[in-house]
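These notes are about the structure you will find just below.
The values are calculated or read from the model by the stated rules, or taken from the named source; none is laboratory data. In this text the structure is predicted, and so the values were computed from the model without any measurement. As a convention, Cβ positions derive from the backbone with ideal geometry for all residues, glycine included, and neighbour counts pool all protein chains shown. Side chains included, ligands, DNA and RNA excluded: accessible areas come from the protein's heavy atoms. Shrake-Rupley method; radii C 1.70, N 1.55, O 1.52, S 1.80 Å.
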Amino acid sequence: MTAFGDIAQTTIDGVAAGALYALFALGFTMIFGVIRRANLAYGSSVMLGLYVATLAWMTFDISIVLCFAIASAVAIAAGLYVQMLCFPSRAADRQQPNDAHRLMVSVAASFAVWMQLEELATLNMPAHLYPFPALAGDAVIELVGLSIRSDALIVLVSALAVCAALYLTLYRTRFGLGIRATVDLPRAASVVGINVSGVFRKAFVIAAIVGTIGAFVACATAEQLTPKLGMWLTLKAMLAMMVGGLGSLRGAVVAGVALGVLEAHVQRHFGPQLRDASTYLVLFAVLAWRAWRPGAATQFGVGVLGGRGVR
Amino acid sequence: MTVVLSVRGLTAGYGKIQALKGVSLDVEEGGIACLLGPNGAGKTALMFALTGILKAQEGSVTLRGAEIKGLAPHHIVESGVALVPENRLVFPSMTVLENLRAGAYCRSGKGEIDADLAKMLSTFPRLQQRSQQLAGTLSGGEQQMLAVARAMMSRPKLLLMDEPSIGLAPLVVAEIFRIITQVSRQGVTIFLVEQNVHMALKIASHFYLMEQGKVIFSGDPKTAMEDDVIQRAYLGSSAAQHRQGA
């Protein structure tokens with residue numbers, strides 16, 4: 001393979017991985033945009049859904065479609081449970097007193113629920129690895145000297161479809177108008193008669209579905225499910241969101257894909273140990289750059305947990 | 001005259017601070033009722049309590065006889081009360097057009113909404129010019145127009161306005177008051193909170209004085225201008241002098 005072909009092949013692999021990060025980041029950003037708080041229990045609520053789904057699959061040998069339906073339903077239920085417990089709708093109202101305090105309580109509570117959901121899954125299913133239904137097998141598609149696994153193609157297509165669907169929902173529907181208005185200015189959203197707590201719940205439901213699509217495709221590609229999934233998902237989502245600009249859906253997608261490509265190239269040239277380190281290095285650089293920009297420090301410092309900058 | 005809004009013994013507060021300590025008042029149909037009072041009297045709290053954004057505790061609020069106290073904010077908008085909030089609160093990163101559409105969020109019927117949208121844009125040519133601009137980039141006066149137009153998009157029976165002239169240049173203030181009388185002539189009842197007492201009393205058909213969470217006086221604006229006590233307490237001595245000079 002030529003040097004160019006090598007770079008192109010690595011990039012393609014990276015885009016496929018990055019498309020997943022983009023999906024995770026989209027779900028995470030959806031919630032962050034509406035409540036302006038990091039939901040640390042995001043990954044574990046999606047993970048719980050996949051655990052239940054694979055348990056059902058192993059026990060009853062159900063179809064992959066039903067498997068996905070179960071995973072989504074459980075993730076939605078877990079997401080709403082997190083919302084009810086950690087992010088009640090009054091928390092969005094920034095005119096409430098003790099706001100910084102409430103913010104910390106919310107985020108810390110979501111950390112506790114993260115642990116709770118993860119324990120719920122791993123105590124009931126304590127093995128380190130569970131099989132997961134495969135999506136498309138290992139068929140490889142060859143195209144002008146480059147090869148792409150068919151399931152990587154499915155990853156890409158589903159990521160694109162989710163992005164498009166999310167975009168159309170947010171910018172072309174009344175429902176999307178309500179979400180964007182709430183993201184922009186929650187108090188004004190109540191003033192014009194948008195049911196802000198309803199928007200809260202909807203954001204968690206959408207995030208659960210988007211996250212489940214991403215995680216489902218990831219597990220189906222690997223054909224296995226591990227207890228690390230929840231943490232992995234939350235971390236990748238947060239990384240992509242923070243690099244992409246807090247709360248920006250477009251930024252989340254771009255940063256997710258970019259991080260995937262970066263990881264693929266670093267792994268190709270420097271080995272897997274440096275792969276994860278490279279993304280954290282990028283995050284560090286982004287944060288340092290933001291912090292050194294005069295006047296932006298406090299804004300972004302708060303921004304990691306809450307704060308503004310939502311588009 | 002029929003009463004549109006009737007408030008009896010309304011109490012509400014922020015945390016431990018009791019902002020409303022038993023507010024009672026009636027707003028009559030078709031007029032411009034004006035609520036005056038010093039800072040911290042509870043005027044804004046009353047506006048938020050009437051719209052359900054601040055949770056009301058005791059008392060009652062009826063709109064044309066129907067109880068609306070305790071309803072969620074979106075149900076109150078649906079029942080026909082719209083608020084032009086203090087500091088306008090337009091959606092800054094949404095376009096002017098999207099802001100107006102958000103104002104009609106509680107309504108159904110695409111055709112009617114589009115018709116009202118066109119009507120609003122012809123009523124406010126400035127908004128027409130800037131329809132694709134982000135609301136955060138508008139001037140204060142334009143944002144105020146947008147806030148009024150947005151509230152009108154819900155087709156309210158009662159329009160609450162919280163200090164629409166605050167922070168605006170005198171010429172713009174005159175324009176806003178012209179808009180208020182124009183809206184009033186369309187048959188929408190207006191309940192207005194204002195610091196600009198002179199301008200407010202000029203257009204008001206009725207006024208209330210609020211102090212420390214209670215309505216302590218209510219009357220006709222014409223007699224208020226005559227009344228020496230009110231002159232000194234609420235309109236300032238310079239105002240009294242101004243009147244003597246005139």
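Listed values, structure above:
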{"item": "Lone qualifier among A:287, A:246 - being modelled with pLDDT under 90 and assigned to a helix (DSSP H, G or I)", "result": "A:287"}
{"item": "Strands (runs of 3 or more DSSP E) contained in segment B:121-214 and holding at least 2 residues within 14 Å of chain A (Cβ to nearest Cβ)", "result": "B:158-162"}
{"item": "Complete set of residues in segment B:1-43 that are aliphatic (A, V, I, L, M), in contact with a helix residue (DSSP H, G or I) (Cβ under 9 Å, 6 or more places away or on another chain) and within 21 Å of residue B:199 (Cα to Cα)", "result": "B:32, B:35, B:36"}
{"item": "Residue within segment B:9-25 that is in contact with a Ser or Thr (Cβ under 8 Å, 6 or more places away or on another chain), modelled with pLDDT under 95 and within 17 Å of residue B:155 (Cα to Cα) present", "result": "no"}
{"item": "Candidates A:274, A:262, A:233 - the one that is part of a helix (DSSP H, G or I), in contact (Cβ under 8 Å) with a residue 24 or more places away in the chain and open to solvent by 10 Å² or more (accessible area, probe 1.4 Å)", "result": "A:262"}
{"item": "Residue in segment A:102-134 that is most open to solvent (accessible area, probe 1.4 Å), counting only those that are assigned to a loop (DSSP other than H, G, I, E, B) and over 16 Å from residue A:230 (Cα atoms)", "result": "A:134"}
{"item": "Selection count where residues are of a type in the set (D, E, K, R), open to solvent by 60 Å² or more (accessible area, probe 1.4 Å) and within 19 Å of residue B:19 (Cβ to Cβ), scope segment B:177-228", "result": "2"}
{"item": "Residue in segment A:160-177 that is within 13 Å of chain B (Cβ to nearest Cβ) and buried (at least 18 other Cβ atoms within 10 Å of the Cβ) present", "result": "yes"}
{"item": "In segment A:290-311, residue modelled with the lowest pLDDT [restricted to those that are within 14 Å of chain B (Cβ to nearest Cβ) and open to solvent by 80 Å² or more (accessible area, probe 1.4 Å)]", "result": "A:311"}
{"item": "Hits in segment B:76-104 (condition: facing chain A (nearest Cβ under 8 Å), open to solvent by 20 Å² or more (accessible area, probe 1.4 Å) and under 21 Å from residue B:54 (Cβ atoms))", "result": "B:78, B:89"}
{"item": "Residue among B:113, B:76, B:32 that alone is within 30 Å of residue A:170 (Cβ to Cβ), of a type in the set (Val, Ile, Thr) and touching a residue at least 40 places away in the same chain (Cβ under 8 Å)", "result": "B:113"}
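Results for (1) more than 30 Å from residue B:19 (Cα to Cα); (2) of a type outside the set (D, E, K, R), shown as yes or no for each residue.
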residue	(1), (2)
B:60	no, yes
B:69	no, no
B:76	no, yes
B:118	yes, yes
B:137	yes, yes
B:163	no, no
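Yes/no matrix, rows are residues, columns are (1) open to solvent by 20 Å² or more (accessible area, probe 1.4 Å); (2) out of contact with any strand residue (DSSP E or B) (no Cβ under 8 Å at 6 or more places or on another chain); (3) of a type outside the set (Val, Ile, Thr):
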site	(1), (2), (3)
A:206	yes, yes, no
A:214	no, yes, yes
A:217	no, yes, no
A:224	yes, no, yes
A:228	yes, yes, yes
A:237	no, yes, yes
A:254	yes, yes, no
A:258	yes, yes, yes
A:268	yes, yes, yes
